[in-house]
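Inspection log for the structure reproduced underneath, given as structure tokens.
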Amino acid sequence: MRITHAYLSLQLVYDNGGMAKTTVSSRYQITLPAEVRKVLGIRPGDELEVELIDGEIRLRIPRPPLERVLKRLQKEHGASLAALGKATGHDARRYVRQLRERDADG
């Protein structure tokens, strides 16, 4: 199995050289192979982006904009983030450098 995370594309190649296959239903629906769902963590109700590239269909898991992720983190973990900011002097890079220097010394 080969996974390319740049596009979250997945190619399943079986011992016989074949690839995973699915069939289009009369309602134009497909079932993703279990291996694909498991590796990518796809669950019922998840949305996928569909793209047609050079005659191939590419499915991608949409990723939310960074701003939305940060707002959600702030909402769900605001107190913890504030405490972490205070503990690190609101300078994560400097704090990580200090930790690395401390680990290197001893």
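A short reminder: the numbers here are calculations on the coordinates, not readings from a lab. What you see is a predicted model, and the numbers here were worked out from it, not measured in a lab. For neighbour counting, all protein chains shown are included, and Cβ atoms are generated from backbone atoms with ideal geometry for every residue, glycine included.
Structure notes:
- The range 66-105, dipole about Cα centre (Lys/Arg Cβ +1, Asp/Glu Cβ -1), debye to the nearest 20: 200
- On the basis of the beta-carbon distance and an R0 of 25 Å, residue 91 and residue 70 show a calculated FRET efficiency of 0.90.
- Rg/Rg_globular for the range 66-105, with Rg_globular taken as 2.2 N^0.38 Å and Rg from C-alpha atoms: 1.44
- For residue 68, net neighbour charge (Lys/Arg +1, Asp/Glu -1) across residues whose Cβ lies under 13 Å away: +2
- Considering only 99, 88, 70, and ranking their Cα positions along the charge dipole of the range 66-105 that arises from unit charges at the beta-carbon of Lys, Arg, Asp and Glu, the one farthest toward the positive end is 70.
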